[in-house]
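The values are calculated or read from the model by the stated rules, or taken from the named source; none is laboratory data. Computed from a prediction, not measured in an experiment: that's the story for all the values here. Neighbour counts are summed over all protein chains in view; Cβ atoms, including those assigned to glycine, are modelled from backbone coordinates with ideal geometry.
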Amino acid sequence: MHLRVHIITMTVLAVISDAILIPFYPQFFSARYGIESPVHVGAYVAAISIAVMCTLPFWARVARRVEPVHLLVYTQFAAGTFSLLSDWAPTVETYWVLSMLMFMCKSSYLLMYPYLMRLTPKEQHAATIGILSVVVHFGAIFGAVVGGFVLQTWGPRASILAMAAGDYFQMVVCLYLILSGKFVRVNTGEHAQTEAAEARRDGLLTRLPILKLALVMLMFDFSAYLIRPFFALYWQAVTGNDSELVSGMAFAIPGVVAIVALRLHAWIRARGGHLPDHTVGNLLLGAAGLLLHAASDPVLIVLGRVLYGWAFFQIIVKLEVNLFRLSTPQRYANDYAITNFFQNLGVLLSSFAAGAIVKQHGLHVPFWLAAAGFVLTALLDRLILKVPSAGHIAPGTQPAHPPPLEEPAHVH
């Protein structure tokens, strides 16, 4: 198996284990601790974002001196262990502490994304990002459906055990890559140390394009995730069907659309076609899909999920391509940590806002506000994101990159 396949497999398992409970935290806290407050659910999802946004920059710094694959052996073992301990938690306060420690350790797996991009030539970034985006959506599909089935069939404890299994699987894959020598070192050697020293000397002006991009990502993620925490409850209220499995399938519709979009993109590229930049158009299309969610009609909600899923995939790919276009290989992990911080800040704010909005105004209002946020994101994209590429390689120039993924350097 190639290194690329191993990394993608790890990503799939990580996303699945993350997505198992995401749509069902209201039901989880109700079944396990008898807590019905939507504000509590919003605060918990927000706390997850805080845990990730505060620890990923730390892991990025550690990864300057430790190979990411080595680092994940320890962090994913710790994440799985904290997950198992949270299964024991007798009170909701204890569960909060143990599960937050789990997410803090789990967040390190995000370093595999810039690691993979560092091993990929820039001209292949768009295709690779598209694949990874679909992998994330596929993980959300499988995770949401499996999460609904597990919670409905075996209860909250089985959901926690399934999450822990995903962490331990990542640890095993990393151990296999290390022992078999099938991974590429990026942080050792004189050249890597020189690159790291140059990255540390970068000033604020060098980072300004990344910070502008991060601001657009913050607004987009705030809007996109505002509808997430209570969608399952909204679907159940509209349809009158209390099945977590069915609501999980509805939650995962955008993931199916993302897979279709990826296949369509591959078909167009294979025929020499060009994919124009329609970022603003996709944002407005996504806003229309979000408005359809608020129609309180199952058919219109499904149509809205389709439009939202199409737009979400296109926009995510474009924003991530911009990230690696504006960055340079030695700064990938650090710049990714910066944008991820702002993305999680958007998710954090949306989680707090979602709980308060649902409590005060009902389950349909987040869709209206999310649509307005997509329109504002389109304005920000036009106003501030037209920036020159920092360290961008001129057209026709072959970028320097480590050995190709198909022929990884072996560990000696």
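Things to note:
- Under the condition of being free of Cβ contacts under 8 Å to residues at least 60 places away in the same chain and in a loop (DSSP other than H, G, I, E, B), the residues counted in the stretch 21-35 number 2.
- Residue tally, condition farther than 23 Å from ALA252 by Cα and over 15 Å from the mean Cα position of the chain (by Cα), over the stretch 334-356: 3
- For VAL299: the one exception among (1) closer than 30 Å to THR239 by Cα; (2) modelled with pLDDT under 90; (3) surrounded by fewer than 24 Cβ atoms within 10 Å (Cβ to Cβ): (2)
- Taking first residues from the stretch 110-128 that are farther than 19 Å from GLN343 by Cβ and partners that are at pLDDT below 85 and of a type in the set (Phe, Trp, Tyr), the Cβ contacts under 6 Å between residues at least 6 apart in sequence or on separate chains come to ARG118/TYR332.
Every residue, every condition in (1) of a type in the set (A, V, I, L, M); (2) out of contact with any Lys or Arg (no Cβ under 6 Å at 6 or more places or on another chain); (3) under 22 Å from ALA162 (Cβ atoms); (4) at pLDDT below 90, yes or no:
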position: VAL62; (1), (2), (3), (4): yes, yes, no, yes
position: GLY80; (1), (2), (3), (4): no, yes, yes, no
position: SER86; (1), (2), (3), (4): no, yes, yes, no
position: PRO90; (1), (2), (3), (4): no, yes, yes, yes
position: CYS105; (1), (2), (3), (4): no, yes, yes, no
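- For MET117, the requirement of being modelled with pLDDT of 80 or more and in contact with a His (Cβ under 8 Å, 6 or more places away or on another chain) is met.
- Restricting attention to the stretch 190-248, the residues being among the charged types (D, E, K, R), modelled with pLDDT of 75 or more, surrounded by 15 or more Cβ atoms within 10 Å (Cβ to Cβ) and not in a helix (DSSP H, G or I) number 1.
- The test for being touching a His at 6+ places or on another chain (Cβ under 9 Å), small (Gly, Ala, Ser) and either closer than 16 Å to LEU215 by Cα or outside any helix (DSSP H, G or I) (or both) does not hold for SER350.
- So ARG4, is it of a type in the set (Lys, Arg), in a helix (DSSP H, G or I) and over 20 Å from GLY143 (Cα atoms): yes
- Inside the stretch 147-187, residues that are in contact (Cβ under 8 Å) with a residue 40 or more places away in the chain, assigned to a loop (DSSP other than H, G, I, E, B) and on the phi < 0 side of the Ramachandran plot make up a count of 6.
- Residues (over 22 Å from GLU67 (Cα atoms) and either aromatic (Phe, Trp, Tyr) or surrounded by 22 or more Cβ atoms within 10 Å (Cβ to Cβ) (or both)) located in the stretch 88-121: TRP88, TYR95, TRP96, SER99
- Boolean, ALA378 is touching a residue at least 24 places away in the same chain (Cβ under 8 Å), farther than 30 Å from PRO121 by Cβ and surrounded by 24 or more Cβ atoms within 10 Å (Cβ to Cβ): no
- Enumerated helices (runs of 4 or more DSSP H) restricted to the stretch 36-126, each holding at least 2 residues that are polar (S, T, N, Q): 38-62, 68-88, 92-106
- Which listed residue, of GLN236, GLN330, is under 23 Å from LEU116 (Cα atoms) and either acidic (Asp, Glu) or touching a helix residue (DSSP H, G or I) at 6+ places or on another chain (Cβ under 6 Å) (or both): GLN330
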